[in-house]
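Undergrad: Structure incoming, see below.
Coordinate-derived values only; no laboratory data. All figures in this text were calculated on a predicted structure; none of them were measured in a lab. Ideal geometry is used to build each Cβ from the backbone, glycine not excepted, and the neighbour counts take in all protein chains shown.
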Amino acid sequence: MQRTRIRGLATVGYAVLAYAAFVASSVWAVTFLADVQLPRGIDHGARRPAAVAVGVDLALLLVFALQHSVMARRSFKSRLARWLPVHAERSTYVLATSLVLLVLFWQWQPISAPIWDLHGVVAGALWIVCALGWMLAVGSTFAVDHLDFFGLRRAYQHARGRRHRPAPFQERWLYGWVRHPLMLGLVVAFWSTPRMTAGHLLFAAAATGYIVVGVRFEEHDLERELGDLYRDYARRVPAFLPVRRPTESRQRGAAVARDALMVGAPSSPCTRTSVLVASPAGPDQEG
């Protein structure tokens, strides 16, 4: 009994460590793209030849893309489950992603050639839009279950000896307007800057491209796992741009979800980077 309790506390401690790494990498991401030296901005650091800087930066972005995608694959999770308990899987993903991001910000090579440099009211408006983008990204994690999204709830439930139960699929709040509010918020934050340099442009373009490609793969997986439930949701709710008020969408989505539950349809795969949405979110992340 004592050993089980110690293991439970260790699991919670591990989850808290992973979450702390996420908070640190998120705060640095905000200051990094704002080019604030806390501890380092995207356009600060030793200057290298442009070709060298581009090569290093692309390599860093590739490492992040590979880590973020490979660790989300079911085949990788199956191999990981041979030696890592399932209740620590999500925290491991969060920790690995955060560490890769911290290395990326630390080793990023600035390319300071200006693309645009705006001032006055326009600059202030862009900073406001950027802040709204970050708020949308963070808010989308609370539209599901923020603690479950980052592995804390599952670790706590394991420590308490409780079974983790993913909630059924449902549309909720931001996810009734767009299917990927987290990704929308990130893209807005990446591009909304009054001073765009070549290095910032490289980061924003590469990250946006990765998001677009990743969302396509993710939606393919969601259609395969949830079938008509997700296809109906995708027909009614736009991916990124909230072009219509989803009042009817919510009513129809709720009806479809109820019908699916009656015939034993599977739950939403939880904590995807652009969750569907389940509340609380389910146990798995597909990237």
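Undergrad: Once each part is reduced to its C-alpha centroid, what is the distance from the range 190-207 to the range 90-105 in angstrom?
TA: 21
Undergrad: If each residue of separation counts as 0.36 nm, what is the full-extension length gain between Ala113 and Leu84 once their alpha-carbon separation is subtracted?
TA: 5.9 nm
Undergrad: Of the peptides 117-128, 59-70, 102-113, how do they stack up when ordered by the mean number of other Cβ atoms within 10 Å, highest first? Walk me through the numbers before you get to the answer.
TA: Numbers: 117-128: 11.9, 59-70: 15.7, 102-113: 17.3.
Result, highest mean Cβ count within 10 Å first: 102-113, 59-70, 117-128.
Undergrad: Let me ask something additional. What's the ranking of 189-201, 214-226 by average number of surrounding C-beta atoms within 10 Å, highest first? Before the final figure, lay out the partial values.
TA: On the way: 189-201: 20.1, 214-226: 16.5.
Highest-to-lowest ranking by the protection proxy: 189-201, 214-226.
Undergrad: For the range 187-199, in order, what is each residue's ³J(HN,Hα) by Karplus, 6.51 cos²θ - 1.76 cosθ + 1.60 with θ = phi - 60°, in whole Hz (x at glycine and Pro)?
TA: Per residue, the Karplus-derived 3J(HN,Hα) values read 4, 4, 5, 5, 9, 8, 8, x, 10, 9, 9, 4, x Hz.
Undergrad: Report P(r) for the range 33-84: all Cα-Cα distances, bin width 10 Å, range 0 to the bin holding the largest distance, values in whole percent.
TA: Bins of 10 Å from zero give 20, 30, 25, 20, 5 percent of pairs.
Undergrad: Using 0.36 nm per residue, how much length does the chain from Arg216 to Val103 gain when fully extended, once their Cα-Cα distance is taken away?
TA: Result: 38.0 nm gained on full extension.
Undergrad: Taking H as built 1.01 Å from N, whose amide H comes closer than 5 Å to the amide H of Thr197, not counting residues under 5 places away?
TA: Ile115
Undergrad: Calculate one ³J(HN,Hα) per residue across the range 107-124 by plugging θ = phi - 60° into the Karplus curve 6.51 cos²θ - 1.76 cosθ + 1.60, and present them in order as whole Hz with x for glycine and proline.
TA: 3J(HN,Hα) across the range 107-124, in whole Hz: 9, 4, 9, x, 10, 8, 4, x, 9, 8, 8, 9, 9, x, 4, 4, 4, x.
Undergrad: I need the phi-derived Karplus couplings for the range 5-18: 6.51 cos²θ - 1.76 cosθ + 1.60, θ = phi - 60°, integer Hz, Gly and Pro marked x.
TA: The phi angles translate into 5, 5, 5, x, 5, 5, 5, 5, x, 5, 5, 5, 4, 4 Hz.
Undergrad: Scan around Gln109 for amide H atoms under 5 Å from its own, H built in the peptide plane at 1.01 Å from N, and keep only partners 5 or more places away or cross-chain.
TA: Long-range HN contacts for Gln109: Asp57.
Undergrad: Going highest first, how would you order 45-51, 151-157, 31-37 by mean Cβ packing within 10 Å?
TA: Numbers: 45-51: 11.6, 151-157: 23.3, 31-37: 17.6.
Ranked from most to least packed, the peptides come out as 151-157, 31-37, 45-51.
Undergrad: Against the empirical 2.2 N^0.38 Å scaling, what ratio does the C-alpha Rg of the range 112-171 come to?
TA: 1.89
Undergrad: So who's got an amide H within less than 5 Å of the one on Ala239, skipping anything under 5 residues away but keeping other chains? H placed 1.01 Å off N, in plane.
TA: Close amide H contacts, sequence-distant or interchain: Arg179.
Undergrad: Gap in Å between the Cα centre of the range 1-37 and the Cα centre of the range 135-185?
TA: 17
Undergrad: Still on this structure, please answer the following. Which whole-number percent of Cα pairs in the range 2-262 have a distance greater than 30 Å?
TA: On the way: 12688 of 33930 pairs.
It works out to 37 percent of all Cα pairs.
Undergrad: Another question, if that's okay. How large is the direction-averaged shadow of the alpha-carbon convex hull of the range 73-219, in nm²?
TA: Computing the convex hull of the Cα atoms and averaging its projections yields 11.3 nm².
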